[in-house]
2 protein chains.
Amino acid sequence: MEESERLRKQKELIEYIGIQHQREGYQPVAARIVGLLMVMDKEEYTFEEIVEEMQISKSAVSMALKNLEIRGMIEYVTYPGDRKRYFRFVSNRADGIFNEIQDKLKQNLETIRQIIELKKDPASRNAVFLKNIYKGMEFFARKMDDLKREYNSQQ
Amino acid sequence: MEESERLRKQKELIEYIGIQHQREGYQPVAARIVGLLMVMDKEEYTFEEIVEEMQISKSAVSMALKNLEIRGMIEYVTYPGDRKRYFRFVSNRADGIFNEIQDKLKQNLETIRQIIELKKDPASRNAVFLKNIYKGMEFFARKMDDLKREYNSQQ
DNA sequence: TTTTTGGTTCACAACAAAAAGAACCAATTT
DNA sequence: AAATTGGTTCTTTTTGTTGTGAACCAAAAA
């Protein structure tokens with residue numbers, strides 16, 4: 001593949017990742033910064049470089065970086081004698097994805113448990129359905145722990 | 001638990017489920033309708049009843065119901081000699097949740113594959129990290145099929 | 001001490017999303 | 001045929017989100 005085409009495709013991918021992340025609740029600027037840090041060959045961007053690369057105001061970048069850091073999506077490193085922060089995307093996202101799924105599952109489980117608990121008639125259509133869903137999700141959440149262990153030992 | 005307290009808690013739970021679903025990209029009204037249909041003891045609501053219960057305009061309800069139906073979150077039944085539609089939440093969400101997770105996982109896998117493919121240096125920090133993430137997610141996606149089969153046979 | 005660097009914070013404008021309300025429409029009832 | 005029911009659609013209003021630019025600030029350099 002030609003160098004210029006590769007770059008074009010990378011830029012395209014950044015936009016796509018941006019949209020994906022917006023669907024997960026990230027704001028537009030933040031979402032595209034994630035894409036930038038994942039896709040480009042340059043692996044550490046300073047604040048200024050991001051501002052320049054994305055053609056966006058300093059304040060927007062400042063906010064976005066703060067949010068992304070709080071959410072644990074990105075991190076920064078510093079170098080002695082250099083006041084700039086070098087942002088990069090965090091390393092251990094694999095674990096992160098497992099845990100995200102599991103957390104969400106657990107949260108949903110708890111909600112469903114509460115719904116069932118508050119039902120007047122435990123044999124009603126919805127109560128029965130919800131119990132089924134609960135069972136399925138619980139099974140899955142339990143198995144995830146095994147999978148995590150299996151994967152880690154396999155490494 | 002007292003009847004009135006149960007009702008209060010149910011209403012609270014509807015709001016909470018509303019917020020949870022908004023995080024998944026549902027609009028406010030739609031999100032709370034899902035809550036309503038999951039939580040309340042009454043299991044089938046007509047259009048009118050929803051309008052009344054939620055104190056919301058007909059147009060907002062009309063739009064929300066349409067969206068929820070398209071997304072497969074709710075369905076309606078009708079009864080002979082009755083022009084009204086009776087909305088309820090769909091029954092087989094357990095499968096749905098499995099599949100949602102798996103679909104998202106597959107989509108992410110494809111994106112990551114593309115990022116890696118476009119990297120100039122396959123030994124760079126990010127390329128290596130991404131390959132790791134890829135491996136983890138792939139392992140997990142593969143195992144999910146097994147889990148589904150295991151669960152279904154167990155039933 | 002003043003200036004520069006590397007940002008952050010705040011007020012506001014532009015835009016987008018959500019909800020309301022009115023008008024409308026097709027079936028059904030009267 | 002007229003009125004009612006069970007909604008839908010369109011326009012407007014309200015509300016919320018994004019991003020900008022200017023002012024500001026602390027640390028370092030001059």
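Readers should treat all values here as calculations from the given coordinates under stated rules, not as data from a laboratory. These numbers come from a predicted model, not from an experiment. Cβ coordinates were reconstructed from backbone atoms using ideal geometry, including for glycine residues, and neighbour counts include every protein chain displayed.
Points worth noting:
- Free of any GluC sites (Glu not before Pro) that DSSP assigns to a loop and that have at most 15 other C-beta atoms within 10 Å, the longest stretch within chain A is A:25-155.
- Extension gain, A:ARG83 back to A:ASP103 (0.36 nm per residue minus Cα-Cα distance, nm): 3.5 nm
- For the protein assembly as shown, the Cβ-based charge dipole about the Cα centre amounts to some 180 debye (Lys, Arg positive; Asp, Glu negative; other atoms uncharged).
- Peptide A:102-109 shows a mean partner chain C-beta count of 1 within 10 Å per residue C-beta.
- Debye equation applied to the C-alpha atoms of region B:93-154, log10 I(q)/I(0) at 0.20, 0.25 Å⁻¹: -0.76, -0.99
- Order of A:LEU130, A:LEU109 - criterion: other Cβ atoms within 10 Å of each residue's Cβ, fewest first: A:LEU109, A:LEU130
- Taking the Cα centre of region A:3-89 as reference, the dipole from Cβ charges on Lys and Arg (+1) and Asp and Glu (-1) amounts to some 240 debye.
- Alpha carbon convex hull of chain A, projected area averaged over orientations, nm²: 14.2 nm²
- Rounded FRET efficiency, nearest 0.05, which uses the C-beta distance separating A:GLU2 from A:GLU52 and R0 of 25 Å: 0.55
- Nearest-first distances (nm) between copies at B:ASP41, label 7 Å from Cα via Cβ: 6.8
- Legend: ranking of residues A:LEU105, B:LEU118 from fewest to most surrounding C-beta atoms inside 10 Å; resulting order A:LEU105, B:LEU118.
- Computed E for B:TYR16/A:LYS148 - FRET, C-beta separation, R0 22 angstrom, nearest 0.05: 0.20
- Calculated on the alpha-carbon coordinates, the convex hull of the protein assembly as shown measures out at 203 cubic angstrom per residue.
- Among A:TYR151, A:TYR45, the ranking by other beta carbons within 10 Å of each residue's beta carbon, starting with the fewest, stands as A:TYR151, A:TYR45.
- The Cα-based radius of gyration and maximum Cα-Cα distance (Dmax) for region A:1-56 are 11.4, 35 Å.
- The other copies place their A:GLN107 label points at 1.7 nm from this one, listed shortest first, where each point is 7 Å from Cα along Cα→Cβ.
- Charged-residue dipole, Cβ positions (Lys, Arg, Asp, Glu), region B:1-150 about Cα centre, Debye nearest 20: 860 debye
- Region B:12-69 versus region B:110-155: alpha-carbon centroid distance in Å: 36 Å
- Cβ-Cβ FRET estimate between B:LYS120 and B:ARG71, R0 fixed at 51 Å, reported to 0.05: 0.80
- Axis-proximal residue, chain B, for the rotation superposing B on A (Cβ, Å): B:ILE101, 3
- Length-normalised contact order for chain A - Cα pairs under 8 Å, 6+ apart - percent: 14 percent
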